[in-house]
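Derivation of every value follows stated rules applied to the coordinates shown; laboratory data play no part. Fair warning: this is a prediction, and the values are worked out from it, not measured in the lab. For neighbour counting, all protein chains shown are included, and Cβ atoms are generated from backbone atoms with ideal geometry for every residue, glycine included.
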Amino acid sequence: MAGEFRSKIAGIGSFLPEKVLTNFDLEKMVDTNNDWIVERTGIKTRHIAEPGVATSDLALQATQKALKMAGMTPHDLDMIIVATVSPDQMMPSTACTLQAKLGCRNIVAFDITAACSGFVYGLSVADQFIRTGMFKNILVIGGEVLHTLVNYEDRETCILFGDAAGAWILSATDASYPNIIMSSHLHADGNLGDLFVLPAGGSKIPFSQEVLDNKTQFVRMKGREIFKNAVRTMTECCHEALRANNVNPKDVDWLVPHQANLRILESVASHFEFPTEKVVVSLHETGNTSAASIPVAFDMAFQEGKIKRGQLILLAAFGAGLTSGSLLLRF
Ligand SMILES: CC(C)(COP(=O)(O)OP(=O)(O)OC[C@H]1O[C@@H](n2cnc3c(N)ncnc32)[C@H](O)[C@@H]1OP(=O)(O)O)[C@@H](O)C(=O)NCCC(=O)NCCS
């Protein structure tokens, strides 16, 4: 019956492809330099999948780790949600492709597109299915092979993005269990959609020779505008999550924000009056991995022994759309 169930995080996992693209590699490709990139973004390296490796391949690796931690097999899963803007193909969904690779039984599987907020959107959707009692074990993935969407002649975007996948398995638990997802808050403002777009490949601009000539198969971004809106929306989302739960910022053990730019994270921490040493940062190694960024940053901090079971953790995201969201959980 509704209201009796909550989601606990039964398992987490992440995967980064082996190949690393450094700032020094990028110096040889576009008019940029390591000092500029580090100073303006905090990014030093990003991981890049080999040709032919798709989002579902990275997702599979992350899922196997999450299943192991949860002590589950793919047959225990009731639903798969993949948050991505770089699906294996437009159709079928990457979630269905992953389902086949995992060898799951006949379950629900679908993708969601909320760009860099995708993982928080996915967790929130999964949490609703668990709260209603409809499903017990849900796999949520944030996965991207973003380098395929990036123009390596455009220095404003190519320095930012990398490939990765992160997986969480949410399981239904009694509402009195302490370590649960407490709340999620999602937002979108489509009026700001033109700040970050992938113009071609959809119904508006189908693929053609003109697309390739104009390079509209690659992302276009108004970086400075995104920066301002990222700080504003993520700060608002952080406040909203804590207000809804009557929690003080000092009680939060870790803020795990979308990993876009170190200066964005520092600015959010400052506006939110939150100590920067309690902000999880992984972007120096991974760059911006869109929907994968929060679960990857979370897992890296968990593997390093920073994030521990029982801690109070706030996730905050923003992305193309413009979408944004937050989620408060006791891990
Ligand atoms: C993109 C971003 C790093 C640019 O940093 P910035 O401090 O805003 O820099 P500006 O855009 O003001 O550009 C400053 C100068 O650096 C130049 N520049 C841009 N990219 C450069 C690069 N890779 N190397 C060297 N110079 C660069 C610009 O051309 C500009 O030159 P100009 O002053 O001669 O016109 C920053 O705006 C950002 O991170 N925005 C958010 C992007 C984002 O998160 N996108 C994903 C959303 S999920």
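In the chain, what percentage of the DSSP-assigned beta bridges are antiparallel, given to the nearest 5?
Details: 38 of 54 bridges.
Of the beta bridges lying entirely in the chain, close to 70 percent run antiparallel.
Tell me the mean residue ellipticity at 222 nm calculated for the chain from its helices only (DSSP H runs of n ≥ 4, each -39500 (n - 2.57), averaged over every residue, nearest 500). Show your work: numbers first, answer last.
Working: 11 runs with 110 residues, N = 331.
Only helices count here, giving -10000 deg cm²/dmol.
Which order do peptides 267-277, 286-296 fall in by mean Cβ count within 10 Å, highest first? Write down the numbers at each step before the final one.
Numbers: 267-277: 16.3, 286-296: 31.3.
Highest-to-lowest ranking by the protection proxy: 286-296, 267-277.
Let me have the relative contact order for the range 5-174, percent, based on Cα pairs under 8 Å that are six or more residues apart. Don't skip to the end; give the middle numbers.
Values: 372 pairs, mean separation 61.2, N = 170.
Computed over the range 5-174, the figure is 36 percent.
Which of the pairs Lys136/Lys308; Lys68/Lys136; Lys65/Lys278 have their Cα atoms more than 21 Å apart in this structure?
Numbers: Lys136/Lys308 24 Å; Lys68/Lys136 17 Å; Lys65/Lys278 25 Å.
From Lys136/Lys308; Lys68/Lys136; Lys65/Lys278, over 21 Å: Lys136/Lys308; Lys65/Lys278.
Most mobile of Leu212, Leu149, Leu21 per a Gaussian network model of the chain (Cα springs, under 10 Å)?
Among Leu212, Leu149, Leu21, the largest GNM mean-square fluctuation belongs to Leu212.
Computed on alpha carbon atoms, what radius of gyration and Dmax characterise the range 181-330, expressed in Å?
Rg, Dmax (Cα atoms, Å): 16.9, 55.
Give the shape of the range 229-311 as rounded, prolate or oblate, defined through the alpha-carbon gyration tensor: a ≥ b ≥ c are the square roots of its eigenvalues, a/c under 1.5 means rounded, and otherwise the shape is prolate if a/b is larger than b/c and oblate if not. Each step should come with its number before you reach the end.
Working: a/c = 1.79, a/b = 1.16, b/c = 1.54.
Oblate, since a/c reaches 1.5 and b/c is not below a/b.
Arrange Trp36, Trp168, Trp254 by Cβ neighbour counts within 10 Å, fewest through most, would you? Walk me through the numbers before you get to the answer.
Values: Trp36 14, Trp168 31, Trp254 22.
Ascending Cβ contact count within 10 Å gives the list Trp36, Trp254, Trp168.
For the range 130-173, what class follows from the C-alpha gyration tensor (a ≥ b ≥ c being the square roots of its eigenvalues): rounded when a/c is under 1.5, otherwise prolate if a/b is larger than b/c, else oblate? Show your work: numbers first, answer last.
Details: a/c = 5.08, a/b = 4.49, b/c = 1.13.
Since a/c reaches 1.5 and a/b is larger than b/c, the shape of the range 130-173 is classed as prolate.
List the GluC sites (Glu not before Pro) in the range 1-99 that DSSP assigns to loop (not H, G, I, E or B) and whose Cβ has at most 13 other Cβ atoms within 10 Å. Which are they?
Working: sites: Glu4, Glu18, Glu27, Glu39; in loops: Glu4, Glu18.
Here the sparse-neighbourhood loop sites are Glu4, Glu18.
Along its three principal axes, how long is the chain when you only count alpha carbons? Whole Å, largest extent first please.
So the extents along the principal axes, rounded to whole Å, are 56, 46, 37.
How big is the range 80-211 in terms of Cα radius of gyration and Dmax, in angstroms?
Calculated on Cα positions, Rg and Dmax stand at 17.1, 58 Å.
Looking at the range 5-174, what % of the alpha carbon pairs are farther apart than 29 Å?
Values: 3597 of 14365 pairs.
Within the range 5-174, distances greater than 29 Å cover 25 percent of Cα pairs.
Using a Gaussian network model of the chain whose springs link C-alpha atoms within less than 10 Å, name the residue from Glu236, Glu225, Glu285 with the highest mean-square fluctuation.
Glu225
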